[in-house]
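Down below is the structure, laid out as structure tokens.
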């Protein structure tokens, strides 16, 4: 498996770690509340898109408290949930301890999406939620995610969206700039910070990456599909790792990395 020396977190990553450190206890409930109850629907749609089957080996990146990972395992897949936050993983493991029937098929590990501690083509499918807003190099991260998936294996994502119609976008902006901070204030200072952060952070993603489908395709993912839910406030993306994605060897480290041929 690829190994790499420890790299100090960037300001963006450090902020993400600090932001999520105080959230695990209320994370599931608040995720639903901040999305007007839509977040569970989006995650369920992701599960249906991946269509996990018994015998499949799936990696769930940015697993958080493990909501998607548990859903995949309940459908029979063998799942590893990976997250950079120790606090989130502790919450996921406590939940797993209460469901011993899933322990043969579900485990959790700490790690970063940019440097996955797994071999090339190790998984039949891969999922990730709310990840791309927190990484510095989205293209490199997408290539790394594709690297560990077998050819034609499915890759799926849940992310917040920004409604396209002008009126809906204006209402969404009021909710994210006013409503989310008010909801967060009722819970804790940590959630107040999240409420203030989310709206601008979501819009910045789409300002930086106006064509996410192109980003996916350039990373070696084919048959990319977008499904907008909840009037555009939620986005499900999916695709398949390209069968043409070749392995090239790093001349310095000797490691192989998936790259699309020119």
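Observations, loosely collected:
- Qualifying residue in the stretch 82-100 (condition: within 17 Å of residue 144 (Cβ to Cβ), touching a helix residue (DSSP H, G or I) at 6+ places or on another chain (Cβ under 6 Å), modelled with pLDDT of 95 or more and not in a helix (DSSP H, G or I)): yes
- Filter result for residue 89 (buried (at least 21 other Cβ atoms within 10 Å of the Cβ), under 24 Å from residue 30 (Cα atoms) and touching a strand residue (DSSP E or B) at 6+ places or on another chain (Cβ under 7 Å)): yes
- Pairing each residue of the stretch 90-104 that is without any contact (Cβ under 8 Å) to a residue 24 or more places away in the chain with any residue that is in a helix (DSSP H, G or I), provided the two are 6+ apart or on different chains, yields C-beta distances under 9 Å for 103/96; 103/97.
- Pairs with Cβ under 7 Å, 6+ apart, first in the stretch 202-221 and on the phi < 0 side of the Ramachandran plot and assigned to a loop (DSSP other than H, G, I, E, B), second modelled with pLDDT of 95 or more and surrounded by fewer than 17 Cβ atoms within 10 Å (Cβ to Cβ): 219/139
- All conditions in (1) touching a residue at least 12 places away in the same chain (Cβ under 8 Å); (2) surrounded by 14 or more Cβ atoms within 10 Å (Cβ to Cβ); (3) under 30 Å from residue 172 (Cβ atoms) hold for residue 21, with the sole exception of (2).
- Sole exception among (1) in a loop (DSSP other than H, G, I, E, B); (2) in contact with a helix residue (DSSP H, G or I) (Cβ under 6 Å, 6 or more places away or on another chain); (3) free of Cβ contacts under 8 Å to residues at least 40 places away in the same chain for residue 63, by number: (3)
- Filtering the stretch 174-192 to residues that are out of contact with any helix residue (DSSP H, G or I) (no Cβ under 6 Å at 6 or more places or on another chain) and at pLDDT 90 or above leaves 174, 175, 178, 179, 182.
- Among the residues making up the stretch 225-245, those that are surrounded by 13 or more Cβ atoms within 10 Å (Cβ to Cβ), out of contact with any strand residue (DSSP E or B) (no Cβ under 6 Å at 6 or more places or on another chain) and either modelled with pLDDT under 95 or not in a strand (DSSP E or B) (or both) are 230, 231, 232, 233.
- Within the stretch 27-41, being in contact (Cβ under 8 Å) with a residue 24 or more places away in the chain, more than 17 Å from the chain's Cα centre (by Cα) and either surrounded by fewer than 16 Cβ atoms within 10 Å (Cβ to Cβ) or outside any helix (DSSP H, G or I) (or both) holds for one residue alone: 36.
The values are calculated or read from the model by the stated rules, or taken from the named source; none is laboratory data. Treat the numbers as computed from the prediction; the structure is a model and nothing was measured. Here the Cβ is made from the backbone with ideal geometry for all residues, glycine too, and neighbour counts use every protein chain on show.
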